[in-house]
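The values are calculated or read from the model by the stated rules, or taken from the named source; none is laboratory data. Computed from a predicted structure; not experimentally measured. Every residue, glycine among them, receives a Cβ derived from its backbone with ideal geometry; neighbour counts consider all protein chains shown. Keep in mind that these areas ignore ligands, DNA and RNA; they rest on the heavy atoms of the full protein, side chains included. Shrake-Rupley method; radii C 1.70, N 1.55, O 1.52, S 1.80 Å.
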Amino acid sequence: MSRLTRREMLGHAARGAALVGMGGVTAYLTVKAHDTYAWEIDPNKCINSQLGALGVEICDACATDCVLPLSAVRAVNHYPECGRCYICPAYFEIKSAVGPDGLPSEKLCPRDAIERKAIGWIDPDDPANNFYEYVIDESLCNGCGRCVMACKEPAGLGSIRLEVRHDVCLDCNRCSISTACPEDAYERREPAA
Amino acid sequence: MRPDDRGLGVFALTVLAGFAVLASTAMLVADAAVARARALIDTERIEALEERARTDTEAAAELEAERERQTETSLRRETNNRRLGWVLLVSAALFLTGGKWLVGRRGDASPGRGSRRTPDLVAIRKKGARREPLQEPSVPPAEPELDLAFVDDLVARLGRGQEAAIPLFQAIQGHYRYLPDAALRRLCELTEITLAQAAGTSSFYARFRRTPVGEHVVRLCHGTACHVAGVTHVDEELRRHLRVPPGADTDPQRRFTLEPVACLGCCSLAPVMMVGEETAGHLTPATAGERLTATVSRLPPFGGTPVLRLPPFGGTA
Amino acid sequence: MRRAIHVSLVVALLLAFGLSAAAQDPADYQRPVDVAPTDEVIGEGYVTPEVQRPRSLAPWRQVLDMALLGGALLLAAWIVLKRRSRRLAFALTVVCLAYFGFYREGCICPIGSIQNVAVALADPNHAVPYFVIGIFMLPLLAALFFGRVFCGGVCALGAIQELVLLKPIQVPPRLDRALGSLKWLYLVAAVALAVLPAAGRDFIICRFDPFVGFFRFTGPVHMMLIGGAFLLLGLFVGRPYCRYLCPYGALLSLTSRLSWRGVSITPDRELDCGLCNKACPYGAIEEMRAVRTSCLACARCYESCPVHLSCRGADAEAAS
């Protein structure tokens, strides 16, 4: 083993100091660190689901501004809160002309991503008391938010919300939807379980 | 396939790929521009139809059809753009591969401006010649027949005693530019100096040399300042440049002799060398060869016989 | 006529049930229920289905990415410092561009992570995941031991420029140095804007990321334009973004200054012919020696070496 030259000694010392410094930063960050950290939409801020924001333009930034071809944001129907209405304002375009079956003739979703399934036996004489399940097809929905706006109180029960699909989201540092979001509803945090 | 044919083929492919790159980029840009312009029209159309649909049931179907059409168009655009993107990627890869090959080939055929300095090194870059030795295979010029009459005259003038050895050696070196073995042998025959004494004396003083000297003597300073400034790299580069064999100080053609000296007294120019009375400083391995050529070109031309530019005595290295 | 009767019948029916669902004005619409019906209300053994919860980020994927990053760094160090093979280094560049660039869409990005780390250090309420700490620290650590091997073989942004380099011209050293100081300004600006309070926070490195748009096949117009300009410039000037703008390059040049090993030209014998100097498209060889802070570990200098088989590594030895 040859003796250490002064130059080598200084080199080792400087490297050691740098290692200690980097280790310190890493330790500090690790103590603070979360397991995951991802973009989330605050439904109380999102103009489409925000209570009281009525008669406003639908914001479709989530659908148009994502860097992915099909946005990472999808509408999700929270079934326990869903009224399972006979005429769902999020499913039907309630402003459209009524068809021969007594239902509005148009659907609200521009991509036809919502499926309307009857639950159990249908009583034709009492349509209002029949229940329907509304299932949003993940592969079609682009998060345009129309159904979210339509389902909001007081028209609906507000069971539909926009959510980020973390398995699709690229988790960009500069999420392009968040910069376009008019209400700053996007924030990075630990996703709710 | 002849190499020229291959070059032509690659050239054609590269040009084609280049056109493909340009074309697909232009198409993507045009598509983006068109889409931007059309977005406004499309929105207007939808709005107009929505307005009409409020009162007219017929328009509702039309609205739906229009929406359908627009979705269809945007999906088609997306697929097309993705395809174009892949075309762009593949053609760019082709273009770059072909381009690099062509650029590399041209570089081999005519070495760039900077490579001219070391044509030998560039030549041996080519495959197959990699292990060729740096030295030229040409034979060194034959030793000229020595005219020993000069030694005879000298002994007659300076005497035959041992005390005349140093002046005799100086005169011989002054005449032949070194101490040829034949001249020393002749000297020993004519004087009281023995062969062993001649060998001892001539090798003791660093100023006497026993091997032929080159046309130019390059004195490369190895003093402290020059050493720190990296003269060893310069030395090695000069040896390679002049093709001085290892262990020797003169090239086989006897054009140059490299002489390490202790200090030339101009440390501010370190690393520095002197050729004759010309000084060249701030040498680097990259520039040493060029500087040497330039310095030699500044030297006054030799008149008649080569003149010994070394002082007969003095600062032994 | 028949249709009209039909419609009026239905309307009458609906009215009879006290519904106004088909009203033309949305203000007239009344929701049929005020409380979400429970399973019991719905009856018939109905069970509320599970809500489509967003699937979480796959943790194995992050672990895999981190392992790949670390592995690629070690591999790059081995190729450049031990094996000294340009061909292998080139292959690694292509593979890393394909995976970290086009497949992972440029999102294993230590360059952007500077901002997240800066925010996490400055803002007590903010943190970064373990994954981000990892991708920020690993290349710096590698630079501390082996020089900027991250730039040479692993970084996708570097790789795309590395591959487009067609005919490098040498930038005059003074200009090179002047432009090189831009990256420090960029680093300072990026950190300063990132540590602002959350409302004014701006991640400019990501906003002006030149190549991520290419990796994703889509992106804002300005990004595509910047990226295209850099690639065009990159045909003739070696890796302009890396040398003059990359803020992570600035950090790496700091730690690589202290590096334990680095690209060394002719370790066994000095040749000093200067060919490696001309082969280096990044102006990182001065006085016949690779400058550790600016050497991007591309291994071109080894390939340019004319006689020195020892310089070119084992594969050249075997080939000849």
At least 40 Å² accessible surface lost relative to isolated chain, residues of region A:152-175 (1.4 Å probe): A:ALA155, A:LEU157, A:ARG165, A:HIS166, A:ASP167, A:LEU170, A:ASN173, A:ARG174
Report A:ASP184's accessible area, 1.4 Å probe, all protein chains in place, as a number in Å² to the nearest 10. 100 Å²
Leaving out ligands, DNA and RNA but keeping every protein chain, what accessible area does C:SER181 have, in Å² rounded to the nearest 10, with a 1.4 Å probe? 60 Å²
Taking a probe of 1.4 Å and leaving out DNA, RNA and ligands, region B:3-110 shows per residue an accessible area in Å² of 69 Å²
Counting only C-alpha contacts under 8 Å and six or more residues apart, can you give the relative contact order of region C:68-211 as a whole percent? 29 percent
In region B:76-109, accessible area falls by at least 50 Å² from chain alone to full assembly (1.4 Å probe) for B:ARG82, B:LEU96, B:LYS100, B:VAL103
So the carbon and sulfur contribution to the accessible area of region B:216-298, 1.4 Å probe, in percent, is 57 percent
Relative contact order (%) - criterion: Cα under 8 Å, at least six apart; region: region B:13-97: 59 percent
Run the 1.4 Å probe and let me know the accessible area of C:VAL188, rounded to the nearest 10 Å². 100 Å²
Can you compute 3J(HN,Hα) from phi for each residue in region A:97-110, using the Karplus curve 6.51 cos²θ - 1.76 cosθ + 1.60 with θ = phi - 60°, rounded to whole Hz and x for Gly and Pro? 5, 7, x, x, 8, x, 10, x, 7, 10, 9, 6, 5, x
To the nearest 20 debye, what is the magnitude of the charge dipole of region C:173-302 about its Cα centre, counting +1 on the Cβ of each Lys and Arg and -1 on the Cβ of each Asp and Glu? 120 debye
Going by average Cβ density within 10 Å per residue, which order do the peptides C:40-46, A:15-21, C:79-85, A:174-180 take, highest to lowest? C:79-85, A:174-180, A:15-21, C:40-46
Cross-link partners of A:LYS32 among lysines (Cα-Cα below 30 Å; sequence separation of 8 or more within a chain): A:LYS45, C:LYS183
Could you sort A:GLU190, B:GLU50 by their accessible area in this structure, using a 1.4 Å probe and putting the largest first? A:GLU190, B:GLU50
If the reach is capped at under 28 angstrom between alpha carbons, list the lysines near C:LYS82, excluding any in the same chain fewer than eight residues apart. B:LYS100, B:LYS126, B:LYS127, C:LYS167, C:LYS278
Give me the 1.4 Å probe accessible area per residue for region C:62-260, excluding ligands and nucleic acids, in Å². 40 Å²
Rank by packing, highest mean first: peptides A:142-151, C:101-110, B:73-82, with packing defined as the count of other Cβ atoms within 10 Å averaged across residues. A:142-151, C:101-110, B:73-82
Interface burial for A against C (accessible surface, 1.4 Å probe, total of both chains, Å², rounded to 100): 5900 Å²
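Ordering C:ILE169, B:ILE172 by accessible area with a probe of 1.4 Å, largest first, what comes out?
Final ranking, largest accessible area leading: C:ILE169, B:ILE172.
In whole percent, what relative contact order does chain A give with Cα contacts below 8 Å and a gap of six or more residues?
34 percent.
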